[in-house]
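Each remark here refers to the structure printed beneath this line.
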Amino acid sequence: MIYCRKMISCHDCRYYEVGEFAMKPNEINIRTTSAGSEPTMTSAGTRILKRRKNNLFRSIGILMTVGFGLIFLINWYRSLPQGMDCQRMTQRIATAIEDYRIAHGKLPQILGFLDIRKGRYSIDHYEYWFEGLGGPGTLPQGTLVGYCKKPHQPVFSDPWRSIIVFMDGAIVVRRVSESEFQTKISRQLSPEKYWNFP
Ligand SMILES: [Zn+2]
């Protein structure tokens, strides 16, 4: 019976391990071949290889979990300021439309005419065509005037959009879920209900 005597890293010895997988001398059971010179792998060696394999899979699993967790966290963190910036910009646009409406008695033809301070999002982030082109200054309650072209997609909550609507005699901003937005826009696009939009 032979075994490695020193606790050193030895790349030439198949039966020697250091650190977590260090083999104790009584775990090493090395048989010799019939030739008497070349040792063969025993159950202890097989066990170590199996443990190494399991450890490798565990490490890969941990890395993947941490990686996905980080991606999730970054997306969630980014969605917060994005939402606030969109709401801020929507409010600026709504204020500019409202100022124009009060001054001219009608809605502006395009948003490009308005003096809107730039932010993270430009006016291209929004769709504005329902009541544009110089629409009337007074609209039915709840009329959709503008909205985010694409829904925002937060990680932990439902998609949403900022909308600009005519409510209680003024242009105001609301934040609605994507499903609520789709309901509103489909009703507004319906010709027979166009002027009875609730
Ligand atoms: Zn938006």
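Computed from the coordinates by the stated procedures, all read-outs in this text should not be read as laboratory data. Quick caveat, the model's predicted, so the values are computed rather than measured. Here Cβ is always computed from backbone atoms with ideal geometry, including for glycine, and neighbour counts include all displayed protein chains.
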With R₀ set to 22 angstrom, the calculated FRET efficiency between the beta-carbons of Lys150 and Asp99, to the nearest 0.05, is 0.25
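Residue separation times 0.36 nm, minus the C-alpha to C-alpha distance between Ala170 and Val66: what's the value? Intermediate values should be presented prior to the final figure.
Working: separation 104, 0.36 × 104 = 37.44 nm, distance 4.87 nm.
Computed gain between Ala170 and Val66 is 32.6 nm.
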If each residue's Cβ is checked for other Cβ atoms within 10 Å, how do Lys184, Lys106 rank with the fewest at the top?
Lys106, Lys184
Mind jotting down a quarter of the surface of the convex hull over the alpha carbons of the stretch 80-196, in square nanometres, one decimal?
6.9 nm²
Over the stretch 63-140, relative contact order from alpha-carbon pairs under 8 Å, at least 6 apart, %:
30 percent
Please compute the net charge surrounding Arg117, taking Lys and Arg as +1 and Asp and Glu as -1 over other residues with Cβ under 12 Å from its Cβ.
+3
